[in-house]
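The values are calculated or read from the model by the stated rules, or taken from the named source; none is laboratory data. All values derive from a computational prediction rather than experimental measurement. Heads up, the Cβs are rebuilt from the backbone with ideal geometry, glycines too, and the neighbour counts pull from every protein chain shown.
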Amino acid sequence: MELLFASLIFLIGLGILFSGAEVFIHYSSQLGTKLGISDVVIGITLVALGTSIPEIFVSISSIINDAPAIALGNSIGSNISNIAIIYGISLFWLASKTLDISLRNIFILILSVLIAGWALYDLTISIGDSIVFIALFILFVLNLFREKPEESEENKRQDESLSKVSILIIVSLVLLSIGSELTVRGAVDLATGLGIPDAVIGLTMVAIGTSLPELAATISALRRNKGNMVVGNIVGSNILNIVLIFPIIGIGSSTFFDQEIFNRDFMVMSIFTATFILLVTVGKQSGGLKKVLYPVFGVGMFISMIYYLTSLF
């Protein structure tokens, strides 16, 4: 009965998380369009932040509930899911599209993964590590100011008033806060009842669950033929999952993590990130190679993800 109740709480939490993120994404994207921001910048900023907020709230709740391994597993697992599942699905649609992604943002993604590896090498995240991540976050924000706004008549025609959009964004943040708390409580209870380590719960159920908003945003963007927004969302989300969640863990906990979190999970994230960067670089070009390469890698990512998930248990 306790496991059933924990599962119910977990599913309700994910449902609220998903609903809150959907509202946030919709109205944040609308606000970005109203301000004349390009698809890439919308993806990297508003949509990325909106879809990463569940991970951020879950991580804060995990620290409060004395389960930092869930926060770390959530961060790494979400980045793996974003690439292996969400980008893997997108590859079938992006095979015939030409992408336009700034190399500066790709460089920051590479830098964030390298610093994450450096911080995790001693199996703990210190206050000093947290300061470095915060500095990287500031660099990420400053870089976004260099992006040029996009002007169009569509940007100026918005039915929703600014006050209504702002209120709905605040409401969505409240839903995200409630949903994250329920998700973590349900996950912790399940982990305890089933004897599963917190890190594995964070890497699987919580990570994939909090990646649902990214999946919803991706499907919506692909239907609107906005491939640049999809890639921008993944780049921005994966950067934020590191530079915001890692310092939360470092400031709120001094836990030593299991060796496997570095040897297995971080390394898997690094391999997927390297593959993602390679494919995005190829995606800036057009040609027959991409039409063959993208679907092949899409299938390969699904198979690799299934193998990785089975290795956790």
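For segment 139-164: of the residues being under 18 Å from residue 43 (Cα atoms) and hydrophobic (A, V, I, L, M, F, W, C), which is modelled with the lowest pLDDT?
Top of the filtered list is 145.
Could you check, for segment 225-244, whether at least one of its residues is among the basic types (Lys, Arg) and more than 18 Å from residue 28 (Cα to Cα)?
Scanning segment 225-244 turns up no residue that is among the basic types (Lys, Arg) and more than 18 Å from residue 28 (Cα to Cα).
Do you know which residues across segment 207-238 are touching a Phe, Trp or Tyr at 6+ places or on another chain (Cβ under 6 Å) and closer than 23 Å to residue 103 by Cβ?
234, the sole residue that qualifies.
Looking at (1) at pLDDT 95 or above; (2) out of contact with any helix residue (DSSP H, G or I) (no Cβ under 7 Å at 6 or more places or on another chain), find the lone condition where residue 287 falls short.
Only one criterion is unmet by residue 287, namely (1).
Taking the conditions exactly as written (surrounded by 19 or more Cβ atoms within 10 Å (Cβ to Cβ), out of contact with any Cys (no Cβ under 6 Å at 6 or more places or on another chain) and not charged (D, E, K, R)), does residue 194 satisfy them or not?
Answer is no for this residue.
Any residue that is buried (at least 21 other Cβ atoms within 10 Å of the Cβ), within 19 Å of the chain's Cα centre (by Cα) and in contact (Cβ under 8 Å) with a residue 12 or more places away in the chain - is there at least one of those in segment 301-313?
yes
Of everything in segment 282-313, what is closer than 19 Å to residue 76 by Cβ and polar (S, T, N, Q)? Give them in sequence order.
304, 310, 311
Keeping to segment 93-105, report how many residues are outside any helix (DSSP H, G or I), of a type in the set (S, T, N, Q) and either over 15 Å from residue 293 (Cα atoms) or in contact with a Gly (Cβ under 6 Å, 6 or more places away or on another chain) (or both).
1
With the checklist (1) under 12 Å from residue 83 (Cβ atoms); (2) within 16 Å of the chain's Cα centre (by Cα) in hand, flag the one item residue 275 doesn't pass.
All conditions pass for residue 275, except number (2).
Among the candidates 71, 95, which residue alone is over 26 Å from residue 37 (Cα atoms) and crowded, with 16+ Cβ neighbours inside 10 Å?
Being over 26 Å from residue 37 (Cα atoms) and crowded, with 16+ Cβ neighbours inside 10 Å holds for just one of 71, 95, which is 71.
Matching residues to (1) under 23 Å from residue 132 (Cβ atoms); (2) among the basic types (Lys, Arg):
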{"residue": "264", "(1), (2)": "no, yes"}
{"residue": "274", "(1), (2)": "yes, no"}
{"residue": "291", "(1), (2)": "no, yes"}
{"residue": "297", "(1), (2)": "no, no"}
{"residue": "306", "(1), (2)": "no, no"}
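List the helices (runs of 4 or more DSSP H) inside segment 1-92, counting only whole elements, that have at least 1 residues being under 14 Å from the mean Cα position of the chain (by Cα).
Those helices (runs of 4 or more DSSP H) span 2-34, 48-64, 68-81.
Within segment 194-210, can you find the residues that are assigned to a helix (DSSP H, G or I) and among the small types (Gly, Ala, Ser)?
199, 202, 207, 209
With respect to residue 112, determine if the residue is closer than 16 Å to residue 251 by Cβ and hydroxyl-bearing (Ser, Thr, Tyr).
The answer is no for residue 112.
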